[in-house]
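One structure is given below, encoded as structure tokens.
The values are calculated or read from the model by the stated rules, or taken from the named source; none is laboratory data. Predicted model, so just to flag it, every value in this text is computed and none were measured. Here the Cβ is made from the backbone with ideal geometry for all residues, glycine too, and neighbour counts use every protein chain on show. We work out accessible area using only protein heavy atoms, side chains counted, and drop any ligands, DNA or RNA first. Shrake-Rupley method; radii C 1.70, N 1.55, O 1.52, S 1.80 Å.
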Amino acid sequence: ETGVTQSPTHLIKTRGQQVTLRCSSQSGHNTVSWYQQALGQGPQFIFQYYREEENGRGNFPPRFSGLQFPNYSSELNVNALELDDSALYLCASSYDTHTGELFFGEGSRLTVL
Amino acid sequence: GENVEQHPSTLSVQEGDSAVIKCTYSDSASNYFPWYKQELGKGPQLIIDIRSNVGEKKDQRIAVTLNKTAKHFSLHITETQPEDSAVYFCAATLGSAGNMLTFGGGTRLMVKP
């Protein structure tokens, strides 16, 4: 158990729709990172939030956006869904932006039809 | 940006044998190299990590070696057990940027009893 929970675990959307994925970090962890993991591939960095501000971003378009709240919860929002957005979305928390270990949740599996 | 290559993609060993997984990275500024284990239906979990000022690190049956000049690092598992069966990912920091990670493509390790 990492203490990081994600919801929903599975969801199905259609192309063009919008989705919100939620994450609850470990208490005391000020940093949350989101990763996209396509089937059979390694996780790909989307962005990182530190104390409610975006701290870094990977190679993802602006239709991927996030929010982090003071109560250690966070959201990943994806607009105008495309078929290629089908993947496992992983949330990872850490104490800060430099401490090595990331604590991952079990992910939200998104299917876009 | 950083690119991490991982080999092999699948590895099958007999229980008790050793397993070695190798990774190369492209950004010489990367300074932190973790290894994660992902079991079916779960998020990745850190098993060992190494920083750029160290050449080798060991934790019981697991060891990691780093060659900064050649930009490659390896995971060694000795005396493998069936419960070691999982997908293993290497990762490197995006430049020297804290804990924002680029992951390799993964190695599916199967330990046959």
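Rounded, prolate or oblate, given the Cα gyration tensor of region B:35-113, with a/c below 1.5 counting as rounded?
On the way: a/c = 2.26, a/b = 1.42, b/c = 1.59.
Since a/c reaches 1.5 but b/c is at least a/b, the shape of region B:35-113 is classed as oblate.
Tell me: how much accessible area in total is hidden between A and B, 1.4 Å probe, Å², nearest 100?
By this definition, chains A and B bury close to 1500 Å².
Using a Cα-Cα cut-off of under 29 Å, which lysines could be cross-linked to B:Lys68, ignoring same-chain neighbours fewer than 8 residues away?
Partners found: B:Lys22, B:Lys37, B:Lys57, B:Lys58.
Can you run phi through the Karplus equation (6.51, -1.76, 1.60; θ = phi - 60°) for region B:105-113 and list ³J(HN,Hα) in whole Hz, with x for Gly and Pro?
x, x, 10, 8, 9, 10, 10, 8, x
What GluC sites (Glu not before Pro) in region A:36-76 are in a loop by DSSP, with at most 16 other Cβ atoms within 10 Å of the Cβ?
A:Glu52
State in Å² the accessible area per residue of region A:24-113; use a 1.4 Å probe, count heavy atoms of protein chains only, and round to the nearest integer.
44
Post the alpha-carbon centroid distance, region A:67-84 to region B:23-71, in whole angstrom.
Using only Cα atoms, the two centres lie 29 Å from each other.
Could you work out the longest stretch of chain B that avoids the GluC sites (Glu not before Pro) located in DSSP loops with at most 15 other Cβ atoms within 10 Å?
Answer - B:40-78.
What is the sum of charges around A:Cys23, taking Lys and Arg as +1, Asp and Glu as -1, for the other residues whose C-beta is under 11 Å from the C-beta of A:Cys23?
Overall, the nearby charge balance is -1.
Rounded to the nearest 5, what % of DSSP beta bridges with both residues in region A:7-113 are antiparallel?
90
So if I take the alpha carbon set of region A:10-74, get Rg, then get Rh from the Kirkwood formula, what is the Rg over Rh ratio?
For region A:10-74, the value is 0.97.
Please give the net charge around A:Leu83, taking every other residue with its beta carbon less than 11 angstrom from that of A:Leu83, where Lys and Arg add +1 and Asp and Glu add -1. Numbers along the way, then the final one.
Details: positive: A:Lys13, A:Arg15; negative: A:Glu82, A:Asp84, A:Asp85.
With Lys, Arg at +1 and Asp, Glu at -1, the net is -1.
Count the net charge of all other residues whose Cβ sits under 14 Å from the Cβ of A:Phe45, scoring Lys and Arg as +1 and Asp and Glu as -1. Don't skip to the answer; put the middle values down first.
Values: positive: A:Arg57; negative: A:Glu54, B:Glu2, B:Asp27.
Summing Lys/Arg as +1 and Asp/Glu as -1 gives -2.
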